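Asker: After the structure tokens below, expect a handful of questions from me.
The values are calculated or read from the model by the stated rules, or taken from the named source; none is laboratory data. Predicted model, so just to flag it, every value in this text is computed and none were measured. Methodologically, a virtual Cβ is constructed for each residue, glycine included, from the backbone with ideal geometry; neighbour enumeration extends over all protein chains shown. These area figures cover heavy atoms from the full protein model, side chains too; ligands, DNA and RNA do not enter into them. Shrake-Rupley method; radii C 1.70, N 1.55, O 1.52, S 1.80 Å.
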Amino acid sequence: MSENSEAGTTGPAFTHLDARGQVRMVDVTAKQPTVRSATAEGFVACSPHVVAALRDGTVPKGDALALARIAGIAAAKRTPELLPLAHVIGVHGAVVDVAVEDEGVRITATVSTADRTGVEMEAFTAVSVSALNIVDMVKALDKGTTIRDIRLLAKEGGKSGSWRRG
């Protein structure tokens, strides 16, 4: 175990706690901006009749897939409003892909920046909000639609370098 110099306790260093144990935002002012990206994915499990409606464009509320893409991009840019300790960073690129599969919709979001901290939370937020929008668009067709398996697939850049899910 390492010494936590901020909190004065033995154990792992908690970067989001100050000397009094209060939650704080980490100061990244001194860090140099670097190019970073993150990709996350999630799945919206849908019944066969919902999948059919998504494929043939007959969802009563309209184009659920287009809305999911746009909502995900907008969400990536608003992540610090939803996650209090997330830094306000420049989202310089955001791509949200939605693909209808036999059992639902796979959502993949890649977010990129040239900033002082990563964009993993922005990618997660993009996928999550995209999934919520699909559920909202199809809930009249099937209340059992389920969001599942939201996870990080890859990240690039920053102090920890590259990481890919195995």
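Asker: For segment 61-83, enumerate the residues that are assigned to a loop (DSSP other than H, G, I, E, B) and touching a residue at least 40 places away in the same chain (Cβ under 8 Å).
Answerer: Result: 61, 62, 78, 83.
Asker: Right, something else. Among the residues of segment 24-33, is there at least one that is open to solvent by less than 60 Å² (accessible area, probe 1.4 Å), farther than 18 Å from residue 147 by Cβ and acidic (Asp, Glu)? Reasoning before the result, please.
Answerer: Applying the first criterion (open to solvent by less than 60 Å² (accessible area, probe 1.4 Å)) to segment 24-33 yields 26, 28.
Checking which are farther than 18 Å from residue 147 by Cβ leaves us with 26, 28.
Remaining after also requiring acidic (Asp, Glu): none.
The answer is no, given that none of the residues of segment 24-33 is open to solvent by less than 60 Å² (accessible area, probe 1.4 Å), farther than 18 Å from residue 147 by Cβ and acidic (Asp, Glu).
Asker: A follow-up question, please. For the condition among the charged types (D, E, K, R) and in contact with a strand residue (DSSP E or B) (Cβ under 6 Å, 6 or more places away or on another chain), what is the one hit in 149, 63, 115?
Answerer: 149
Asker: Scan segment 85-97 and tell me whether some residue there is in contact (Cβ under 8 Å) with a residue 12 or more places away in the chain, within 12 Å of the chain's Cα centre (by Cα) and open to solvent by 40 Å² or more (accessible area, probe 1.4 Å).
Answerer: Checking segment 85-97: at least one residue is in contact (Cβ under 8 Å) with a residue 12 or more places away in the chain, within 12 Å of the chain's Cα centre (by Cα) and open to solvent by 40 Å² or more (accessible area, probe 1.4 Å).
Asker: Please find, within segment 8-20, the residue that is modelled with the lowest pLDDT out of those that are open to solvent by 40 Å² or more (accessible area, probe 1.4 Å) and outside any strand (DSSP E or B).
Answerer: Restricting to residues being open to solvent by 40 Å² or more (accessible area, probe 1.4 Å) and outside any strand (DSSP E or B), the top hit is 8.
Asker: In addition: For segment 79-120, what are the residues that are closer than 21 Å to residue 16 by Cα and among the basic types (Lys, Arg)?
Answerer: 116
Asker: Being closer than 30 Å to residue 32 by Cα and exposed (fewer than 11 other Cβ atoms within 10 Å of the Cβ) is the filter; apply it to segment 142-164 and report the residue that is nearest to the chain's Cα centre (by Cα).
Answerer: Ranking the qualifying residues of segment 142-164, first place goes to 164.
Asker: Pairs please, first residue from segment 138-166 and without any contact (Cβ under 8 Å) to a residue 40 or more places away in the chain and assigned to a strand (DSSP E or B), second anywhere and of a type in the set (D, E, K, R) and crowded, with 17+ Cβ neighbours inside 10 Å, Cβ atoms under 7 Å, 6+ apart in sequence or on different chains.
Answerer: Pairs that qualify, where the first residue is without any contact (Cβ under 8 Å) to a residue 40 or more places away in the chain and assigned to a strand (DSSP E or B) and the partner is of a type in the set (D, E, K, R) and crowded, with 17+ Cβ neighbours inside 10 Å, are 163/155.
Asker: Select from segment 101-126 the residues that are of a type in the set (A, V, I, L, M, F, W, C) and open to solvent by 40 Å² or more (accessible area, probe 1.4 Å) and list them in ascending order.
Answerer: Selection gives 114, 121, 124.
Asker: Anything in segment 40-82 that is under 18 Å from the mean Cα position of the chain (by Cα) and open to solvent by 100 Å² or more (accessible area, probe 1.4 Å)? List them, or say none.
Answerer: Passing the criteria: 70, 77, 78, 81, 82.
Asker: Now for a separate question. Out of everything in segment 102-137 that is hydrophobic (A, V, I, L, M, F, W, C) and part of a strand (DSSP E or B), what residue ends up being nearest to residue 36 (Cα to Cα)?
Answerer: So the residue we want is 114.
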